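Down below is the structure, laid out as structure tokens.
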Amino acid sequence: MEEQVIAANVDTALLVSALDGDFNPRRVERYLAQCWESGARPVIVLNKADACKDARAKAAEMERVAIGTAVCVVSAKTGQGFEELEEFLRPGHTLVLMGSSGVGKSTIANRLLGQTVQEVQPVRESDSRGRHTTTSRELFVLPGGALLMDTPGLREMQLWDAEQGVAQTFADIDSLAAQCRFGDCRHEGEPGCAVQEAIDAGRLDQGRVENRRKLLREQEFLRRKVDPEARQEQKEQWKQIRRAARQKYQQREKDGGKR
């Protein structure tokens, strides 16, 4: 496993998600975590508003997971909502477009540039998936003086050393966790769990909690993968677990098989 740099020296990351079959708050949470960790300011751009009847409802859903992040609803095809992006297009400011294939990153780039410089292709109607039209990183100077980088579509993004980014992305869950009865609460049915209470009351999405767990597991796996001390620590923990299990079995045998 090796770190791969998507972009460097970026001020703002435009995280593009389409308002069609690509709409996925869980994927955006992953992007947000890495952006917060990198120091770039994330902005969520929901594209294809012209083809979505409930664009505002989906924007509201995204806003619930995008704590402290602007959510812009646009249509690169018609130009709808592009005025919402103007505040981020300051002279000398560097922005990067990120998102999966087919969300319209290159069409957004063409719209912002005022001319067609990036090739675009239609997505499959069956699943809203796109093909990798942009195959390399391209840097453009926008009419107002901002710099815009278009990137190839991301099939997936594995977080790299992003524990603080995960914490910032899920700050609402961490705040609730501080109210749990037990300090080591895993939010899996323990009594007095504030996180579970929020889920039951409809104030928190269960999927968001599960996604946070998943990203934290990935970070722990990565830490063990690249940190020899962490690997050794895990080995010692497993030795202790096996030793305890062996001792328990031996004691049971001495007691005549009784538990």
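Some notes on this structure:
- Segment 61-77 - residue that is closer than 19 Å to Asn211 by Cα and among the small types (Gly, Ala, Ser) and, of those, nearest to the chain's Cα centre (by Cα): Ala66
- Residue within segment 173-187 that is surrounded by 11 or more Cβ atoms within 10 Å (Cβ to Cβ), aliphatic (A, V, I, L, M) and in contact (Cβ under 8 Å) with a residue 40 or more places away in the chain present: no
- Test result for Val166, modelled with pLDDT of 90 or more, closer than 28 Å to Ser38 by Cα and surrounded by fewer than 16 Cβ atoms within 10 Å (Cβ to Cβ): no
- Residue list for segment 195-206, restricted to those being small (Gly, Ala, Ser), surrounded by fewer than 18 Cβ atoms within 10 Å (Cβ to Cβ) and on the phi < 0 side of the Ramachandran plot: Ala201
- Among the residues of segment 118-128, the ones that are in contact with an Asp or Glu (Cβ under 8 Å, 6 or more places away or on another chain) and modelled with pLDDT of 50 or more come to 1 in all.
- For beta carbons closer than 7 Å, sequence separation of 6+ or different chains, a first residue in segment 24-53 that is in contact (Cβ under 8 Å) with a residue 12 or more places away in the chain and farther than 19 Å from Arg217 by Cα and a second that is among the aromatic types (Phe, Trp, Tyr) and surrounded by fewer than 21 Cβ atoms within 10 Å (Cβ to Cβ), the qualifying pairs are Val43/Phe88.
- Number of the exception - Ser101 against (1) over 25 Å from Thr169 (Cα atoms); (2) modelled with pLDDT under 90: (1)
- Filtered residues of segment 169-214 (kept if of a type in the set (S, T, N, Q) and either within 17 Å of the chain's Cα centre (by Cα) or in a helix (DSSP H, G or I) (or both)): Thr169, Ser175, Gln196, Gln206, Asn211
The values are calculated or read from the model by the stated rules, or taken from the named source; none is laboratory data. Keep in mind that this is a model prediction, so the values were computed, not measured. All Cβ positions, even for glycine, are placed from backbone atoms using ideal geometry, and neighbour counts span all protein chains on display.
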